[in-house]
1. Below 16 Å, Cα to Cα, which aspartates and glutamates can Lys125 reach? Residues fewer than 8 away in the same chain don't count.
2. Tell me, in nm to one decimal, what length is gained between Asp62 and Cys182 on full extension, where the rule is 0.36 nm per residue of separation less the Cα-Cα distance?
3. May I ask which residue of Gly281, Asn237, Thr270 lies farthest towards the positive end of the charge dipole of the chain, with charges of +1 (Lys, Arg) and -1 (Asp, Glu) on Cβ and the Cα centre as origin?
4. If you average the alpha carbon positions of region 132-183 and of region 305-354, how far apart do those two centres end up, in angstrom?
5. Quick one: putting +1 on the C-beta of Lys and Arg, -1 on the C-beta of Asp and Glu, what dipole do you get for region 207-310 around its Cα centre, in Debye to the nearest 20?
6. Once amide H atoms are built 1.01 Å from N in the peptide plane, which residues 5 or more positions from Phe231, or in another chain, come under 5 Å H to H?
7. Select from Asn345, Met326, Asn141 the residue farthest towards the positive end of the dipole of the chain; place +1 on Cβ of Lys and Arg, -1 on Cβ of Asp and Glu, and compute about the Cα centre.
8. Take peptides 36-46, 396-406 and line them up by average Cβ neighbours within 10 Å, highest first, as a rough protection proxy.
Amino acid sequence: MYIVPNHLESWVEVPAGSDFPIQNIPFGVFKTTSNPSPRICTAIGDYVVDLAILSDMSLFDDLDIAPDVFRADSLNPLMSLGKDVNTAFRKRIVELLSKDNEELKEQSWHFLHPMEKVEMLLPVKVGDYTDFYSSMEHARNVGTMFRDPNNALLPNWKHIPVGYHGRASSIIVSGQDIHRPCGQTMPLNADAPVYGPTARLDFELEMAFVIGQHTELGDTISTGEAENYIFGLSLFNDWSARDIQKWEYVPLGPFLGKNFASTMAPWIVTLDALEPFRVKGPEQDPPVLPYLQYEGDKNYNIHLSVEIETESGDKKVVCESNFKYMYWNMAQQLAHHTVNGCNVNVGDVCASGTISGPEPGSFGSMLEIAWKGTKPVQMPDGTERKFIHDGDTVRMTGHCEKDGMRIGFGEATAKVIPVKK
Ligand code: CA
C-alpha cells in the first residue's frame, strides 16, 4: 500500500476543489485527435498525463513494465501485473509529478494534455459484470413500493449480498449518448403486454469495483483477502427501464430492463487513494455467516450526487447520497461471489447496486426520488420528471474529503436520445 502524504504538492497547478490532486493519481485510457492510438494515463488538476510518453522518456525503467502495457486500449495489462508493481508504479508517478521533480515541467508539453482536449475511453476491458443490491435503504424502498411495507426486505436480504450476473458488452464510458430502449411491458389493468419505447427510463447511482487479480475455478476469496483483488473504484450509472424490468423479472431476475447500457466514469481510483476515507459500515443484525464476517472498517465515506440537465440547459441536483451507507461492503460481496468457487478475471466489474441513503434527497434512482411517479421532481424550466426524458443528461459525481484533502472520481455522464431508428 502507498498513501501519498497529505502535504505533498505537485509542480502541476491543481485548482482548489479539483478531483485530482497528487494524492489521487487515478488510472484511465485516452486518445487525442493528433494521436488516435490509445494510451494509459493519470489525471492531475485539469490535465491528463500521458504515461506512455513518460515511459518513452525512460522514467519507469526500474519497474520493468513491458512497453505494450502503456499503449494498451485498456488498463487490463497494467492491472494484470499485480498489486506490488501497480503500487510501485503509482508511487513513481507521484514522485515524477511532485514539486521535487519540477525540471519535468519544461518538457511537460510532451505528456500533459488539458482534460477537455482529450477523449477518454472505457478504462477496462470488462469480461464479466456483476450487479449487487447492497443498499438496505434502496432495497427497503423498492420492497415498500412493490410488495409490502411491513416486509419490505425479502427473508434472504440480510443474510446474502444479493446480486445477479449482468451484461458486460453494453458497459460504456461517460460521455456516450444512450438511445431510449424499447421492450415489452404490461400496462396497468391491461390483459396483454405491449411493445414500445420504455416510459420509465431510470438511472441507478452506483459505485463499481474492478478486479485486478484473477482466481482459478474452485478458488474462494475471503473477506480478509478481498482488497488484494480489487484494483479500484469508479462511478457507475446502471441504467434501468423500470416498466420492462417489472414485467420480465419474475422468476429469473433482471434481463432487458437492465442490459441496454451502463455508464462508467473514465477514471479508476485506487483503494490506496481511498485509504484515508475508510469508515465503519452499518451494524449487521442478525449476525452474518462466518464466511461473510470481516475485520476492520470496510466502508468508504464517498459523497455522491446526481444532477439532471434538461435539453434547454437547466440543471437540478436530484440526489445527494454516500457510499458509506452500503449494508454489504465490497469484501463481503467478493467473498460471497466466490464462495462457491466461481472464478474472477482481471477487468471484471462488480457494481454496488443503487446507493440510497436514509433521507429523501439521498435516494439513488428516480423510481425512489419520485416515489413510483407520485412525487414528481420540479425542474427549473417548469417541467417535471417522474423518470428520465429524451434530451436529458444525467451526471453523477463523487468525492471524498477530509483534513483539507479531496479525492474525486470525475464524472459518469450520459445524455438520453430518442429510440434508434
Ligand atoms: Ca443496478
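1. Asp68, Asp73, Asp348
2. 37.9 nm
3. Asn237
4. Each part's Cα centre sits 10 Å from the other's.
5. 300
6. Val210, Ile211, Gly212
7. The residue sitting farthest along the positive end of the dipole is Asn141.
8. Result, highest mean Cβ count within 10 Å first: 36-46, 396-406.
Bear in mind these aren't lab numbers, they're just calculated from the coordinates by the rules spelled out. In this text, all values refer to a predicted model and were calculated from it rather than measured experimentally. Virtual Cβ from ideal backbone geometry, glycine too; neighbours counted across all protein chains shown.
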